[in-house]
Structures are given as structure tokens and as C-alpha cells.
Amino acid sequence: MEIGTIWKEGQRWNVEMPSGPQTTRTKREAVALVEQAQLRLHAAARKYWDRQTRNAHPDGKTDKGGRWHPTPAEAQPCCRGIRTPSRAWPWSYMTHCRTMTHIANLYNVDITDLRRVSR
């Protein structure tokens, strides 16, 4: 089922979201959930494009050794698999924070939807 699909079961409205189906009491609430998800998706696509074109940068700091580390707000579960920066490879986190996988995690959107919108 596609993200944003709305259907009614009995007295409840259901919305298909990236995290799974969510139930609301009214159709208005269901439509609002879909609109919020679409806004997040388009914001993620804009952020991805800005980071790829270097118009925007991930939040983080560089230490005295020249190694870049993301802020706690920028760090996501997908960052755990990235090698720790070293003097030889100081930008490993920075390059990962510019990827579509990271942006999808940051905005809590499905990566396939983000790929579709980013074309």
C-alpha cells in the first residue's frame, strides 16, 4: 500500500505511514497526518539536494585533529556503521551525513519515497 493511503474500517480512519498504519478518529486527522508526512518528505528532499550541492552542511564540529563529528541531534542510528574518523580519514561522518540514507533517517521518511521525490 502506498504511503498516504487513507481507508475507513468501522468508525476509524487508517493512514498508511512509513512506520506502519496509524489510526485516527476523523478523516480530517487522517488527511492532516498525510499532509505532515508529505511536508517532511519534501523538506528531506530539499535538504538532500542542498547537502549534495554543498549549499548546506550537516551540524557538527571539527576537533583539534581535524576530525569531524556530528552533533547529537544530527547523529542517527545509521551513523553507527560508519568508521570512526581518523587523521587519515577525517571526513567519514561528514560524507555519510550527506547521503540519502542519513537524510531519510533524519527526517523519518522512507528512503524509497525520498528517492522518488528527489528525481
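Taken together, the values in this text are just the output of simple stated rules run on the coordinates, not laboratory data. Please read these numbers as outputs of a predicted model, since none were measured by experiment. We place every Cβ from the backbone using ideal geometry, glycine too, and count neighbours over all the protein chains shown.
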Selection within region 23-47 - over 24 Å from the mean Cα position of the chain (by Cα) and surrounded by 16 or more Cβ atoms within 10 Å (Cβ to Cβ): none
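Just to be sure before I move on: is residue 95 under 30 Å from residue 36 (Cα atoms), without any contact (Cβ under 8 Å) to a residue 24 or more places away in the chain and more than 11 Å from the chain's Cα centre (by Cα) in the structure I sent? Don't jump to the end; show me each part of the working.
Values: under 30 Å from residue 36 (Cα atoms): yes; without any contact (Cβ under 8 Å) to a residue 24 or more places away in the chain: yes; more than 11 Å from the chain's Cα centre (by Cα): yes.
It is true that residue 95 is under 30 Å from residue 36 (Cα atoms), without any contact (Cβ under 8 Å) to a residue 24 or more places away in the chain and more than 11 Å from the chain's Cα centre (by Cα).
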task: Being farther than 28 Å from residue 115 by Cβ and among the basic types (Lys, Arg) is the filter here, so list the residues in region 60-103 that pass it.
output: 61, 64, 67, 87
Total residues in region 81-118, condition closer than 18 Å to residue 54 by Cα and assigned to a loop (DSSP other than H, G, I, E, B): 5
- request: Spot the failing condition for residue 63; the list is (1) of a type in the set (Asp, Glu); (2) without any contact (Cβ under 8 Å) to a residue 24 or more places away in the chain; (3) surrounded by 11 or more Cβ atoms within 10 Å (Cβ to Cβ), and only one is missed.
  value: (3)
task: Hand me the list of strands (runs of 3 or more DSSP E) wholly inside region 1-80 holding 1 or more residues that are polar (S, T, N, Q).
output: 12-17, 20-24, 60-62
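Across region 1-22, what is the number of residues that are exposed (fewer than 12 other Cβ atoms within 10 Å of the Cβ) and without any contact (Cβ under 8 Å) to a residue 40 or more places away in the chain? Let's see the steps before the verdict.
To start, the set of residues in region 1-22 that are exposed (fewer than 12 other Cβ atoms within 10 Å of the Cβ) comprises 1-2, 8-11, 19-20.
Next cut, without any contact (Cβ under 8 Å) to a residue 40 or more places away in the chain only: 1-2, 8-11, 20.
Total meeting the criteria: 7.
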- prompt: Does residue 51 qualify as being under 22 Å from residue 119 (Cβ atoms) and in contact with a His (Cβ under 9 Å, 6 or more places away or on another chain)?
  reply: yes
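Every residue, every condition in (1) under 27 Å from residue 21 (Cα atoms); (2) of a type in the set (Phe, Trp, Tyr), yes or no:
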residue	(1), (2)
62	no, no
69	no, no
75	yes, no
86	no, no
89	no, yes
94	no, no
102	yes, no
107	yes, yes
